[in-house]
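A short worksheet on the structure shown next.
Throughout, read-outs are computed from the coordinates displayed, never taken from laboratory work. If you're wondering where the values come from, they're calculated on a predicted model, not measured in any experiment. So basically every Cβ, Gly included, is an ideal-geometry build from the backbone, and we count neighbours across all protein chains shown.
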Amino acid sequence: MKHLLFTLILFITSSMAIVAQTTVVKGVLIDAANQEPLPYATISIATEAIPNKSIKKLATDDKGKFSTSLNEGKYILSFQFVGMNEATQNVEINAAEKSKDLGKIEMTESSTELEEVSVVAQRPLVKVEIDKLTYSTKDDPEATTSSVLDILRKVPLVTVDGDDNIQLKGSSSFKIYLNGKPSNMITSNPSQVLKSMPANSIKDIEVITDPGAKYDAEGVGGIINIITDKRVDEGYSGSVGGNGDTFGGWGGNAYLSLKYGKFGFTGNGSYYQHKMPESTSKSIREEFAPSLENTLTQDGISTNKGGGLYFNTQLSYEPDTLNLFNVSVGRYGGNFNSLSTNEARSIGAREFYYLQSNNSKGTYGSINASADYQRSFKKKGELLTASYRFEKDPNDNEFESIYEDVTGDDFYYPKGYRQKSINDAGGIEHTAQVDYVNPINTKHNIEVGAKYIFRDNSSRGDNTFLNPELNGTSWQEDLARKNDLDHTQRIFSGYAGYAFKASKFGFKVGLRGENTNQNILFMTSEDDSEVKTNFFDVVPSAAFSYQLGMTKTLRWGYNMRISRPGIWYLNPYINDSDPNNIRYGNPNLDAEQTHNFNVTFGSFGPKLSLNATASYSFSENAISPFIFIDEDGVTNNTYSNIGKNQSVRLNGYTSWTPIQLIRLTLNGNLSYVDLQSTIDSNLKNSGFSGGGFAGLTLTFPKDFRVNAHGGMFSQGISLQTKGSTFYFYSLGATKSLLNKKLDISFNVNSPFHKNRKFSSTTTGKGFTNYFESIRPMRSARLSVTYRFGDLKQSVKRVSRTISNEDLMQGGSGGEGGSVGEGGQ
């Protein structure tokens with residue numbers, strides 16, 4: 001027994017001694033040329049006695065850092081990164097050392113040409129930071145022949161329904177940035193603009209769920225930041241493409257990125273023509289007490305077509321390593337033409353009938369230009385940036401309506417049965433800002449800045465009718481319909497933020513102040529009225545992050561967001577192309593304030609990636625669509641600050657790559673919304689809504705891919721309206737030719753359903769309105785993309801991700817980051 005006890009004590013003592021002799025070896029792997037970290041590089045460890053046999057493998061994290069434990073002895077560390085020469089370092093571990101810092105280990109770029117090697121590598125599609133998620137569009141294999149809107153369907157926390165409506169965390173109120181700057185061009189018409197942007201010109205899509213103090217407070221749901229791709233090495237690369245669909249739409253796109261010496265240029269653009277075949281609609285409005293009992297039925301048929309041009313260019317000049325100048329110019333513009341007929345029949349308190357023909361035209365778009373100066377300092381990460389941006393946003397439309405077979409005395413136009421209306425609207429915006437970032441050390445970071453925005457919006461209308469009393473030959477001005485607007489807004493803001501990062505824990509806090517001066521001049525045929533307002537908002541924000549492991553992160557945060565109404569909400573111009581359903585804005589709207597709380601868990605591994613977010617938000621003065629019937633029986637559609645909203649939302653994202661052949665993506669949200677009117681206790685709405693998207697990609701040999709996408713969504717719940725659930729699906733195939741320079745893609749949308757029905761029900765004081773539309777859905781689309789450029793370009797952005805089996809052999813990537821899946 002004594003011998004057994006002695007042996008046990010000796011074993012425990014020896015084990016403790018062995019553990020005590022373990023030494024932590026750490027370091028940072030960097031590019032020798034630019035001193036940038038090399039993320040997700042492979043590290044192999046062998047003993048000097050047996051150098052050809054690896055005893056441990058690990059990977060650097062997203063900042064190039066690594067850390068592992070080794071016993072006493074002599075070792076050889078080998079570092080491998082695609083596009084770089086292999087580096088080795090001999091390390092001797094003494095028993096007395098608790099840790100050994102190897103410092104910065106440099107790797108040099110390989111001069112091997114791309115055509116001489118075949119690289120099969122994976123790179124993360126999703127990366128997590130304290131306040132945002134980043135989706136690597138450049139590493140998505142489907143980006144070569146897709147639009148940015150197509151890629152958005154796969155981005156965590158973002159959903160795009162079958163009608164191309166975009167939501168961020170289940171909310172339609174958000175801002176879209178382009179290269180870190182607000183873009184009214186995209187935000188005002190996101191679906192159409194993003195549909196025209198080729199995805200192969202985009203590097204990353206950032207989802208900023210907890211916007212810090214440096215960001216404008218506008219955008220209730222958060223910010224989607226689209227970062228265009230630009231070349232970092234000498235040479236050029238680009239692509240040209242074209243597409244067409246069975247609806248009769250077609251388009252082309254081009255992308256070019258080059259760098260020569262101290263100059264860099266990036267440009268992308270597209271031209272498109274779209275057509276929508278005939279669709280039908282039906283509306284039934286029932287009126288009851290306290291209104292007079294009446295039933296209005298309307299049956300409509302419509303077609304539309306249009307086209308547009310998008311381009312964005314950026315020129316950079318870098319005289320030295322500390323100074324950088326950027327100038328960019330962009331434009332998005334288009335037009336549409338809609339032809340429709342509407343048969344209206346009213347029975348009850350107001351009886352009439354008419355057949356209406358309508359021809360509507362419109363132009364839309366934006367022109368923007370910006371200039372930036374960035375000053376770097378000797379301390380890495382310390383930046384001073386000054387920038388200016390100009391944007392002009394025209395939004396004009398016109399229509400002409402003809403009324404025939406009119407019967408009844410209660411029709412709304414006793415003056416004449418033909419009318420015209422022209423509205424010239426739009427605005428300009430000037431923005432100037434200064435930002436400064438100072439990383440005090442590796443743990444602490446501060447940022448401060450100031451910004452000024454000037455907005456000048458206007459709307460002018462020209463309303464006429466054909467007077468039957470003058471034999472129907474003279475167009476006469478209708479002064480009763482005059483509603484013109486001048487709206488100016490000056491926003492002064494300043495902010496300060498602080499960030500802390502130590503080991504596995506990090507946080508960001510900030511405070512932003514925004515002062516708004518607003519002047520509104522409202523002009524009618526009777527008089528002019530002017531409203532001046534001045535308000536100050538204090539906008540706090542906080543975000544926290546804890547690294548649960550190399551690939552797992554827990555985040556939580558709070559922010560307050562502001563939604564200032566734009567010209568499309570303020571414009572008082574009355575669109576009465578349908579005289580029974582008129583639409584106009586409200587120049588008296590106030591800014592909406594929303595408070596957001598959220599908790600997010602993310603796990604991004606080589607094969608399986610998960611992200612789940614739970615959030616709660618509330619607003620006391622939400623801008624809500626407001627629908628009511630006036631004394632003439634006309635449905636008025638406008639906006640008002642009458643909403644008291646609160647919602648609970650769950651967002652989920654999954655990407656699974658069991659083998660290189662298969663990648664499955666799931667993305668969706670579920671929310672419960674409770675809405676109440678602040679002016680009418682009977683006006684309220686609540687319920688569940690949500691949706692989901694699923695995508696499957698199969699990658700076969702010979703550069704052939706097959707994909708299937710589909711989704712199901714319930715339309716969002718508003719104060720007075722609930723919509724129906726609908727779904728969509730598509731099938732596609734892509735073949736790469738000419739050494740992956742040429743991609744040919746063929747996609748079919750809803751191949752087994754020619755049409756799809758959408759419906760909604762709206763209720764209000766004294767009425768209920770049911771609306772449905774049947775739209776064509778089945779279509780086929782052919783896309784072709786050809787890439788060109790020099791072959792001696794750097795491939796250092798394509799890093800190799802080691803497998804789970806490699807990681808299980810030992811080691812850790814250090815502080816963490818994502819090791820997610822990616823394209824080949």
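Given S724, N651, N457, which one lies farthest toward the positive end of the charge dipole of the chain, if we put +1 on the Cβ of every Lys and Arg and -1 on the Cβ of every Asp and Glu?
Result: N651.
Below 8 Å, C-alpha to C-alpha, sequence gap of six or more: please give me the relative contact order for region 345-420 in percent.
For region 345-420, the relative contact order is 40 percent.
Give the residue list of trypsin sites (Lys or Arg not before Pro) in region 53-83 that are DSSP loop and have at most 14 other beta-carbon atoms within 10 angstrom.
Passing both the DSSP loop test and the Cβ count: K53.
If you keep only loop residues by DSSP, which trypsin sites (Lys or Arg not before Pro) in region 614-717 have at most 12 other Cβ atoms within 10 Å of their Cβ?
For trypsin sites (Lys or Arg not before Pro) across region 614-717 that sit outside H, G, I, E and B with at most 12 neighbouring Cβ atoms in 10 Å, the list reads K702.
Can you compute the modelled spin-label distance between L309 and V406, with each label point 7 Å from Cα toward Cβ, in nm?
For the pair L309/V406, the computed spacing is 4.2 nm.
From the gyration tensor of the Cα coordinates in region 535-580, what semi-axes in whole Å does the equivalent ellipsoid have, largest first, with each one equal to sqrt(5λ)?
44, 18, 6
For the chain, what relative contact order do you get, as a whole percent, if you take Cα pairs closer than 8 Å and at least 6 residues apart?
14 percent
Note down the nm distance, to one decimal, between modelled labels 7 Å out along Cα→Cβ at F700 and at S99.
Rounded to a tenth, the inter-label distance reads 5.3 nm.
When Lys and Arg each count +1 and Asp and Glu each count -1, what net charge do the other residues less than 13 Å away from L152, Cβ to Cβ, add up to?
So the environment of L152 carries a net charge of -4.
Past the 23 Å Cα-Cα mark, which pairs from K181/K203; K175/K532; K63/K607?
The answer is K175/K532.
So for region 327-392, considering every pair of alpha-carbon atoms, how many percent are separated by more than 19 Å?
For region 327-392, the fraction of Cα-Cα distances above 19 Å is 67 percent.
Averaging sequence separations of C-alpha pairs under 8 Å and six or more residues apart, then dividing by the length of region 436-505, give the relative contact order as a whole percent.
43 percent
Which FRET efficiency value, to the nearest 0.05, do you get for N165 and K74 by plugging their Cβ-Cβ distance into 1/(1 + (r/R0)^6) with R0 = 51 Å?
0.25
Give, as ranges by residue number, the residues of region 325-351 whose backbone N falls under 11 Å from the point 7 Å along Cα→Cβ of D632.
The answer is none, because no backbone nitrogen lies closer than 11 Å to the label point.
Kindly list the residues of region 479-507 that lie in the label zone of H444, defined by a backbone N under 19 Å from the point 7 Å along the Cα-to-C-beta vector.
Label zone hits: 496-507.
How big is D, in µm² s⁻¹, for region 614-672 by Stokes-Einstein at 10 °C and 1.306 mPa s if Rh is the Kirkwood radius over C-alpha pairs?
103 µm²/s
Classify region 142-261: rounded, prolate or oblate, from the alpha-carbon gyration tensor (a ≥ b ≥ c, eigenvalue square roots; a/c under 1.5 rounded; otherwise prolate if a/b is larger than b/c)?
oblate
Using the Kirkwood formula over every pair of different C-alpha atoms, what hydrodynamic radius in Å results for the chain?
Roughly 29.7 Å, rounded to one decimal.
Using a Förster distance of 30 angstrom, determine the FRET efficiency expected from the C-beta separation of V648 and H430, and round it to 0.05.
Calculated value: 0.15.
Viscosity 0.890 mPa s, temperature 25 °C: what is the translational diffusion coefficient of region 233-325 from Stokes-Einstein with a Kirkwood Rh over Cα pairs, rounded to a whole number of µm²/s?
Taking Rh from Cα pairs, D becomes 134 µm²/s.
So which of K282/K392; K104/K504; K132/K154; K259/K504; K154/K501 end up more than 27 Å apart, counting from Cα to Cα?
K282/K392; K259/K504; K154/K501
Would you kindly state how much longer the chain becomes between N588 and V327 on full extension, computed as 0.36 nm times their sequence separation minus their alpha carbon distance, in nm to one decimal?
Roughly 90.3 nm would be gained on extension.
Need one number: convex hull volume per residue for region 609-717, Cα atoms only, in Å³.
136 Å³
May I have the extent of the alpha carbons of region 564-643 along their three principal axes, as whole Å values ordered from largest to smallest?
In descending order, the Cα extents are 62, 27, 22 Å.
Semi-axes of the equivalent ellipsoid of region 655-786: what are they in whole Å, largest first, if each equals the square root of 5 times a C-alpha gyration tensor eigenvalue?
Equivalent-ellipsoid dimensions as semi-axes: 41, 18, 10 Å.
Working from Cα positions, state the angle (0 to 90°, nearest 10) between the long axis of helix 2-20 and the longest principal axis of the chain.
So the inclination is approximately 60 degrees.
For the chain, what is the mean residue ellipticity at 222 nm derived from helices alone (per DSSP H run of n ≥ 4: -39500 (n - 2.57); sum divided by total residues; nearest 500 deg cm²/dmol)?
Mean residue ellipticity, 222 nm, calculated: -1500 deg cm²/dmol.
Which of the GluC sites (Glu not before Pro) found in region 516-599 are loop residues per DSSP with 13 or fewer other Cβ atoms within 10 Å of their Cβ?
Sites meeting the loop and neighbour criteria: E526.
Along Cα→Cβ, 7 Å out, is where each label goes; now give me the distance between the ones at N34 and T297 in nm to one decimal.
6.7 nm
What is the gain in length, in nm to one decimal, between F492 and W656 on full extension, counting 0.36 nm per residue of separation less the C-alpha to C-alpha distance?
Full-extension gain reported as 54.4 nm.
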